[in-house]
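To keep things clear, I will list the structure first and then write my remarks on it.
Derivation of every value follows stated rules applied to the coordinates shown; laboratory data play no part. Please read all numbers here as calculations on a predicted model, not as lab measurements. Methodologically, a virtual Cβ is constructed for each residue, glycine included, from the backbone with ideal geometry; neighbour enumeration extends over all protein chains shown.
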Amino acid sequence: MPTASASRTSIEIRQGQLPLVVARLRGADADAVLRELHQRYGDAPGFFENEPLLLDLSGWDSSAPPPTALQQRAVLDALRHIGLRPLAYRAAPAGWRETLEASGLLVSDTDASGPVPAAEHAPVVDVVQTTAAAAASALVIDRPLRSGQQVYARGRDLVVLAMVNPGAEVIADGHIHVYAPLRGRAIAGARGQADARIFALALEAELVAIAGLYRTAETPWPDDVRGRPVQIRLRRDGNDERLSFEPL
């Protein structure tokens, strides 16, 4: 006669929690999204290392004509190219849903990163990491960075003790400290850490960005920080977002 024993099954299904990256699409111009993806990540295919993605379209202008199916697929392909794996979407206007579902994305009601404010600047892709903030340890670089070189401090701050030359790029999930002239590109809060900052001994950069909001040298840097020590941070006032440049 069989003895009583604890029941053991071959499969157990339970509610889980999957860390996701959230890509927020804003505005109504798919081509602008593609241009910005190329500008920010074009030199770094596989940047996100096959991380699962929730596509957030709550900031998309549903009153404008939707992008064509070809444009929508191009956006998905561009996200895959930089290492994101689209799994689900939320708040998609009707003109997007057919393409997203045909591409295998599931509809999600999960509010993984809070409400999306309306954007007053150009359409952007605002990639937000929903897992923990950047770790406290920093990656330290003590050599000059030449044109074409790129350094990425994944999950932490970046400290550069030498010049970042034009054409070089420094990226960090946390803060960026450059104790020398910053003449290339600096991207802090690369995975959405909005409180990340950029510190430089001399601001002569080609581009600076924090949590997806960027500014280039095509718009002259403020007189009180151009070529001087600076702290750059992201400031939010209601629905308005801007980069703040403060002398040190």
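Observations
- Per-peptide average of other Cβ atoms within 10 Å, ordering 78-85, 205-212 highest first: 205-212, 78-85
- In terms of surrounding Cβ atoms within a 10 Å radius of their Cβ, Glu241, Glu98, Glu218 rank from fewest to most as Glu218, Glu98, Glu241.
- Per-residue extension of 0.36 nm, minus the Cα-Cα distance of Gln71 and Ala94, leaves a gain of 6.8 nm for this segment.
- Exposure proxy ranking, count of Cβ atoms within 10 Å, fewest first, for Glu246, Glu204: Glu246, Glu204
- Centre separation in Å (Cα based) which lies between segment 152-175 and segment 179-202: 7
- Length added when fully stretched, Asp142-Asn239, from 0.36 nm per residue minus Cα-Cα: 31.0 nm
- Exposure proxy ranking, count of Cβ atoms within 10 Å, fewest first, for Arg183, Arg236, Arg226: Arg236, Arg226, Arg183
- Here the convex hull built on the C-alpha positions of segment 138-247 has a volume of 83 cubic angstrom per residue.
- In this structure, the amide hydrogen of Ala153, modeled 1.01 Å from its nitrogen in the peptide plane, lies closer than 5 angstrom to those of Ile171, Ala172, Asp173, counting only residues at least 5 positions away or on a different chain.
- Protection proxy ranking of 189-195, 101-107 - average other beta-carbon atoms within 10 Å, highest first: 189-195, 101-107
- Label-to-label distance for Ala217 and Ser103 is 3.5 nm, based on points extended 7 Å past Cα in the beta-carbon direction.
- Per-pair calculated FRET efficiency, R0 = 25 Å: Arg226 and Glu49 via Cβ, rounded to 0.05: 0.10
- Placing a label point 7 Å from the Cα of Tyr179 along the Cα-to-Cβ direction, the residues of segment 146-161 whose backbone N falls under 15 Å from that point are 158-161.
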